[in-house]
Amino acid sequence: MAVFVALGAFLMTLAGGWTAQRVTDRRHLVLGLAGGLMLGVACLDLLPEALRAAGAEVHGVPAALLLFLAGFLLAHLVERLLAVRRASHGADEHRHRAPEVGLTAAGAMVGHSLMDGVAIGASFQVGEGMGTAVALAVIAHDFADGFNTFTLTSLYGNARRKALAMLFADAVAPVAGAAASTFLTVPAGVLGGYLGLFGGALLYLAAAEILPEAHHEHPARSTLLCTIAGAAFIWLVVGVTG
C-alpha cells in the first residue's frame, strides 16, 4: 500500500519538473517561484520537523538549529570552494556557476525525497490513517520538489539531459524509500539532524543563489509576487496537511 501511494509522489514530482521546463521563456518568474518554494520548504516544513524529531540541546541551543546553521555554512563553503577552483582555471566566478553545485543540490533533493518515501512506509506501519495523512503531505509538496530539482540543476549550467535525469531520480526516490521502509528504520534523532542540515543548505541556495539571480536581469514586481506565492503555497500545504 505504501509503495502504491508513493507512486502519487512520483507523478507529482514529474509534474513539477515538467512545469519548470515548460516556462523557460519566463526564467525570472521560474526562479522567483523556485526561491519562494525553497524558502517555504526550509523554514516552514523542514526546520519545524527537525526541531520535533531532534529535541536534544547542545550548550543551550537545539541540535536541529545548530545543524540548520551548519547546513547553511556548508553549502556556502562548497559553493565558494568550487567558484575559486573555476576561477583558478580562468573562469569568471561571478558569471559562471559551478555545475557541481547544481548536481549536489539536486542530489540532496533526491535524498530528501527518499526520506519522504521512508516516512510514508513507516507511517503505514503505524496505521492506515496515519499513513494516508503523511502520504498526502508528501504528495502535496513533491510538486515543489520536482520544480526545484529541475530548476537547480539547470541554473548551474548542467545539460538538459542531466536535469531530466536528476528529476527522474527525484521522482523514483519516494517509491524506493517506501519499499525500503519494510526493512529499514531511521532513528528520530538521525532524521531530525538530516532535516536540519538539509534545510540550512536549501535556505542558502534560495537566499544567496536563486533569488539574486531571479532579480538580476528582471527586478520586476511579478518576480517578487512569484516568490511570495511560492512561500505562501508551502504555508498552505503545511497548514492543510499538518
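Step through the residues of the range 64-77 one at a time and calculate ³J(HN,Hα) from phi using the Karplus curve (6.51 cos²θ - 1.76 cosθ + 1.60, θ = phi - 60°), rounding each to whole Hz and writing x for Gly and Pro.
4, 5, 5, 6, 4, 5, 4, x, 4, 5, 5, 4, 5, 4
When you have a sec, figure out the Kirkwood radius of the range 1-53 from all distinct Cα pair distances and drop it here in Å to one decimal?
13.1 Å
Leaving out ligands, DNA and RNA but keeping every protein chain, what accessible area does Thr104 have, in Å² rounded to the nearest 10, with a 1.4 Å probe?
Here the accessible area works out near 80 Å².
Give the carbon-plus-sulfur fraction of the accessible surface of the range 2-75 in %, rounded to a whole number; probe 1.4 Å, heavy atoms of protein chains only.
The value for the range 2-75 is 71 percent carbon and sulfur by accessible area.
Give me Rg over Rh for the range 161-202, both radii from the alpha carbons and Rh done the Kirkwood way, two decimal places.
Here Rg/Rh amounts to 1.08.
The values are calculated or read from the model by the stated rules, or taken from the named source; none is laboratory data. Source: prediction; values computed, not measured. Areas reflect the complete protein model, heavy atoms only, side chains present, ligands, DNA and RNA absent. Shrake-Rupley method; radii C 1.70, N 1.55, O 1.52, S 1.80 Å.
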